[in-house]
Amino acid sequence: MPGPSAKTVPLFYEDAYLRTFNSVVAAVEDDRLVLEESAFYPRGGGQPPDQGIIEFDGTTSRVAGVSRKGAAIVHKVQGQLPAVGQEVKCLLDWDLRYRYMRLHTALHALSAIVLDGWDADVTGGNIADGGAKARMDFSLEGIRINDILDEVQSKLRHELARSLPVKTYEMAREEAVTVPGLIRTHINLLPKQIKQVRIVEIEGLDIQADGGIHVSNTREVGLVNVLGGSNKGRINRRIEIALDDPPTAQSRIDS
């Protein structure tokens, strides 16, 4: 849809708590459009895409999916589409987005705990069912996953309750590949063309390369339940988690 030079400024990296914004339509094709700037997060890294609405000329259309195509962010729209060059007002489904942010941060804490306690790499992860639950897979050969779940839940709740600040910043690729544990996945998934690596750091707990969006403090995650675990082949072990009674939208909690 967008040409090779099309680019969308990702506002969610400037402010993950941005709920409404105005932008200009850069391209339209069928039921999809590209905005010059967007706070809608596209699917990636196990985090689902945002949803929301776009308002223009007294019309409201629904954003039902968001994806990347090169440097452009493509929005799948249900309803009438604006014209190229038209300014639109966009509103995120904030309850959904905030749930994704909380779960994504919880998964980072989970990966740090399993790495520290059992020296296990991450082999996969996903947030599912509209943020109702999330799972992470680990290389835990020789370990019965159900034998460690109680300990994992206890440690996870403890670390999140410590009110640890969550920071994001960039690091040169040459430096990033030398930091132990920074590339947490079992297979290095860092594309060769990436020169600056986005880092997510939970102070005092975890630091890893990640392109997702997170809360600014672990206390925003709230209570997390470990739903269960399962064996996925000879090596992989899966742990599923869920937020305990996810709250409605909240303002940023400054650290």
query = Restricting to the range 50-104, what's the tally of residues that are in contact with a Pro (Cβ under 9 Å, 6 or more places away or on another chain) and among the basic types (K, R)?
reply = 5
message = Within the range 224-249, take every residue that is open to solvent by 60 Å² or more (accessible area, probe 1.4 Å) and at pLDDT below 95 and give me the one that is nearest to D50 (Cα to Cα).
response = T248
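Per-residue answers, yes or no, for (1) aromatic (F, W, Y); (2) touching a helix residue (DSSP H, G or I) at 6+ places or on another chain (Cβ under 8 Å); (3) assigned to a loop (DSSP other than H, G, I, E, B):
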site	(1), (2), (3)
H75	no, no, no
P82	no, no, yes
G85	no, no, yes
Y98	yes, no, no
H108	no, no, no
I113	no, yes, no
G117	no, yes, no
A120	no, yes, yes
Members of the range 56-83 that are within 20 Å of P42 (Cβ to Cβ) and of a type in the set (A, V, I, L, M, F, W, C) = V63, A64, V66, A71, A72, I73, V74, V77, L81
request  = Please give the number of the condition P180 fails out of (1) assigned to a loop (DSSP other than H, G, I, E, B); (2) open to solvent by 50 Å² or more (accessible area, probe 1.4 Å); (3) more than 26 Å from G204 (Cβ to Cβ); (4) free of Cβ contacts under 8 Å to residues at least 60 places away in the same chain.
outcome  = (3)
task = Kindly indicate whether any position in the range 49-62 is open to solvent by 10 Å² or more (accessible area, probe 1.4 Å), among the polar types (S, T, N, Q), outside any loop (DSSP other than H, G, I, E, B) and without any contact (Cβ under 8 Å) to a residue 40 or more places away in the chain.
result = yes
request  = Given the conditions (1) under 17 Å from the mean Cα position of the chain (by Cα); (2) surrounded by fewer than 19 Cβ atoms within 10 Å (Cβ to Cβ); (3) not hydroxyl-bearing (S, T, Y), report the number of the one that F40 does not fulfil.
outcome  = (2)
query = So, of the residues in the range 125-143 that are in contact (Cβ under 8 Å) with a residue 60 or more places away in the chain and charged (D, E, K, R), which turns out to be least open to solvent (accessible area, probe 1.4 Å)?
reply = D137
note = For R162, the lone unmet condition from (1) over 18 Å from G228 (Cα atoms); (2) exposed (fewer than 14 other Cβ atoms within 10 Å of the Cβ); (3) modelled with pLDDT of 95 or more is (2)
query = Any residue at all in the range 13-20 that is open to solvent by less than 10 Å² (accessible area, probe 1.4 Å) and of a type outside the set (D, E)?
reply = no
Test: residue in the range 67-83 that is touching an Asp or Glu at 6+ places or on another chain (Cβ under 7 Å), closer than 19 Å to V226 by Cβ and among the basic types (K, R) = no
Test for V114: is it in contact with a Phe, Trp or Tyr (Cβ under 6 Å, 6 or more places away or on another chain) and either in contact (Cβ under 8 Å) with a residue 60 or more places away in the chain or over 30 Å from D206 (Cα atoms) (or both) = yes
ask   = If you go through the range 226-245, how many residues are more than 25 Å from E141 (Cβ to Cβ) and either among the aromatic types (F, W, Y) or in contact with a helix residue (DSSP H, G or I) (Cβ under 7 Å, 6 or more places away or on another chain) (or both)?
value = 1
key: Cross-chain or 6+ apart pairs with Cβ under 9 Å, the range 87-100 first and open to solvent by less than 10 Å² (accessible area, probe 1.4 Å), then of a type in the set (K, R)   = R97/R19
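The values are calculated or read from the model by the stated rules, or taken from the named source; none is laboratory data. Quantities reported herein were computed from a predicted structural model and do not represent experimental measurements. Ideal geometry is used to build each Cβ from the backbone, glycine not excepted, and the neighbour counts take in all protein chains shown. For the accessible areas, the whole protein counts, side chains as well, though only heavy atoms, and no ligand, DNA or RNA atoms are used. Shrake-Rupley method; radii C 1.70, N 1.55, O 1.52, S 1.80 Å.
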